[in-house]
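A short reminder: the numbers here are calculations on the coordinates, not readings from a lab. Because the structure is a prediction, the values reported are computed rather than measured. Counting neighbours? That spans all protein chains shown, and the Cβs are built from the backbone with ideal geometry, glycine included.
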Amino acid sequence: MTRRIIDLSVVLTDRVASDPPGLGPKLTHVGHAEGAKDFEKIFGMPVEHQLDRQGAAIERVEMTTHNGTHMDAPWHYHPTMNGGEPSLTIDQVPLDWCMGPGVKLDFRERPDGHVVSAGEVEAELDRIGHDLQPGDIVLVNTRAGARYGHDDYVSAGCGMGREATLWLTGRGMRVCGTDAWSWDAPLASQMEKIRQTGDWSLFWEGHKAGAETVYCHMEKLANLDQLPGTGFQVIAFPVKVEKGSAGWCRPVAILD
């Protein structure tokens, strides 16, 4: 059998609209010629004695742990989790949570700003014929995946609310992810519903469910449209940022 690996991450770049204004990364590419000068300055190696007068190319990056494809730790959502326990930071997340059977929920037809309910999750699992198991890694395919790199990406796609998040974690899910900017519905749509209803609890409700349970989610996933509903493995190890609210990761799906 042939093994197929699907990259579930986006490219880290400052050339596409992947975050709200002011929150995106900044990348500076340093070329080989400048790298040769750095070697001379730092180590005393003359430029003329370096191969073709070329040194090391590097990139200088200014960013947050929430730029690019990343995994949020419970600490990002709230200082406590699971009803009062100290929240895990990303360097404390057990690695065995980050590898397991993948399950894709296809909500691409849901409108932008829609908040997915527990009933919709159950219906989608019934459609793909899967009984959710502890350790399953749930990936949510939204309309936002097709809008990455476009000006409307941050406001595109549906999101997972408190009810759906608690339903999933209540069945043993510890890691999940979405191809949208946020696990929640777009924040602008949340604020519009709050203005209409006066219900402030609607803000960031999927994230804040972490105060009642324990889970990690990935954001800005890619290529979820290439996945079947089940029958694949997910590996998604986050970078170990000390006391971090998130860590960058390059998740992959493995299909046999």
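As a calculated quantity, the FRET efficiency between Glu40 and Gln226 at R0 = 41 Å, using C-beta atoms, amounts to about 0.30. Look at Thr2, Thr142, Thr80 and count the other Cβ atoms within 10 Å of each Cβ; fewest to most, that gives Thr2, Thr80, Thr142. Counting 0.36 nm for each residue step from Val241 to Ala188 and taking away their Cα separation leaves a gain of 16.2 nm.
With respect to the chain, whose longest principal axis is taken over its alpha-carbon atoms, helix 32-43 is tilted by about 70°.
The orientation-averaged projection of the convex hull spanning the C-alpha atoms of region 1-50 amounts to 7.5 square nanometres. Listed from fewest to most Cβ neighbours within 10 Å, the set Cys216, Cys249 follows the order Cys249, Cys216. Would you mind computing, in nm to one decimal, how far apart the modelled labels at Asp91 and Arg15 are, each placed 7 Å from Cα along Cα→Cβ? Placing both labels 7 Å beyond Cα along the Cβ direction yields 3.4 nm.
Restricting the GluC sites (Glu not before Pro) of region 76-146 to loop positions (DSSP other than H, G, I, E, B) with no more than 14 neighbouring Cβ atoms within 10 Å leaves Glu109. The lysines whose alpha-carbon is closer than 26 Å to the alpha-carbon of Lys41, local same-chain residues fewer than 8 away aside, are Lys26. Here Lys243 is the anchor, and the aspartates and glutamates within straight C-alpha reach of less than 13 Å, apart from those fewer than 8 places off in the same chain, are Asp72, Asp91. Under conditions of 20 °C and 1.002 mPa s, the chain yields 110 µm² s⁻¹ as its translational diffusion coefficient, taking Rh as the Kirkwood radius over Cα pairs in the Stokes-Einstein equation. Once backbone amide H atoms are built at 1.01 Å from N, Ser9 has Ala222 as its partners under 5 Å, excluding neighbours fewer than 5 places away on the same chain. The packing ranking of peptides 149-156, 227-234, highest mean first, is 227-234, 149-156, where packing means the average number of other beta carbon atoms within 10 angstrom of each residue.
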